[in-house]
1. Starting at the first residue of the range 99-107, write each ³J(HN,Hα) from the Karplus equation 6.51 cos²θ - 1.76 cosθ + 1.60 with θ = phi - 60°, in whole Hz, x for Gly and Pro.
2. Check Val225: other-chain or 5+ apart residues with amide H under 5 Å from its amide H, H built from backbone geometry?
3. In the range 193-231, which trypsin sites (Lys or Arg not before Pro) are in a loop and have at most 12 other Cβ atoms within 10 Å, using DSSP for the loop call?
4. Cross-link list Lys174/Lys222; Lys174/Lys203; Lys147/Lys174: which exceed 23 angstrom alpha carbon to alpha carbon?
5. Would you please give the residues with an amide H less than 5 Å from that of Cys154, counting only those at least 5 places away or on a separate chain, with H modeled from the backbone geometry?
6. Which residues' amide hydrogens lie under 5 Å from the amide hydrogen of His176, considering only partners 5 or more residues apart or on another chain, with H built in the peptide plane?
7. How large is ³J(HN,Hα) for each residue in the range 204-212, as worked out from phi by the Karplus curve 6.51 cos²θ - 1.76 cosθ + 1.60 (θ = phi - 60°), to whole Hz, x for Gly and Pro?
8. Neighbour counts of other C-beta atoms within 10 Å: give me His98, His205 arranged from fewest to most.
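Each reported figure results from applying straightforward, stated rules to the coordinates on display, with no laboratory input. These numbers come from a predicted model, not from an experiment. All Cβ positions, glycine included, derive from the backbone under ideal geometry; neighbour counts span all protein chains shown.
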Amino acid sequence: MNWILENERHEYKTYCSKECQSKGKTKKVQCICENPKCKKEFSRELNDVSPHNYCSRSCAVAINNVLYPKRKKITVTRTPTPRISKYTKESIISEISHFFQENQRIPLKIEFAKEYWMIRKLFGTWNSAIRTAGFSPHSHRFAHRYKAKDQHMCDSLAEKIIDDWLFTRGIKHKIHVPYYYRNMTADFSIGTTLVEYLGLYGKLHRYDVLVEEKRKLWKRRKLDVIEIYPEDLFPQNQLSDVLSPLLIDDIVTSFTV
């Protein structure tokens with residue numbers, strides 16, 4: 001009896017049981033399902049009451065499907081447009097022949113990078129395209145020896161390009177200069193500067209090991225070395241940027257051909 005008086009003094013509500021207390025604190029309203037086939041009564045929190053109330057998702061879907069039917073899917077049949085490629089066997093052969101006439105050699109794959117995917121599609125392989133154009137493909141980029149303009153015999157086409165670049169600019173140079181260490185040689189020397197073409201770096205493990213051994217030798221002997229990579233030559237020659245240190249007066253010596 002004392003707790004009833006205590007509630008009245010503090011203006012608290014008094015309930016006969018915990019069940020009544022729970023119902024009294026629940027702010028719910030009674031609703032009737034708007035599905036005419038259901039009409040079920042249910043309670044809902046005051047904040048959840050909406051203009052249209054349904055006792056379950058299935059009742060809501062049943063009414064909404066009638067009020068808002070889904071639009072039928074319209075299927076449009078389109079005739080696929082055939083893909084037209086600017087590359088044909090004839091155009092590829094013509095480009096290879098034109099390259100040979102300008103450069104006096106067959107092109108490398110990297111020099112036809114944009115056309116390579118179509119060459120594979122039309123001819124099957126790069127070498128097949130070279131043969132169809134009437135030329136003999138190289139079995140390996142570094143398998144043939146080339147004579148440079150200054151009569152130096154180069155071990156690869158890349159070496160010839162570098163050698164010719166030096167020769168045409170009047171830069172005195174030597175080729176295949178020995179390190180006098182484990183039969184190692186540098187590709188070129190210009191004064192006290194060495195030039196190495198690392199054509200297979202990152203492609204062959206044994207080659208990478210040899211390059212790292214050379215780099216240790218360069219560091220140990222404090223050698224001035226310029227490294228050249230395939231991307232410095234193909235598809236666009238960028239030797240003017242890579243070998244710019246060689247154009248300094250105290251390194252370059254002009255000579256009369």
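1. Working through the residues one at a time gives 4, 5, 5, 7, 10, 6, 7, 7, x Hz.
2. Leu194
3. Sparse-neighbourhood loop trypsin sites (Lys or Arg not before Pro): Lys203, Lys222.
4. Lys174/Lys203
5. Tyr146, Lys147, Ala148
6. Phe188
7. Coupling constants for the range 204-212: 10, 4, 4, 5, 4, 4, 5, 4, 5 Hz.
8. Ranked by crowding around the Cβ, least crowded first: His205, His98.
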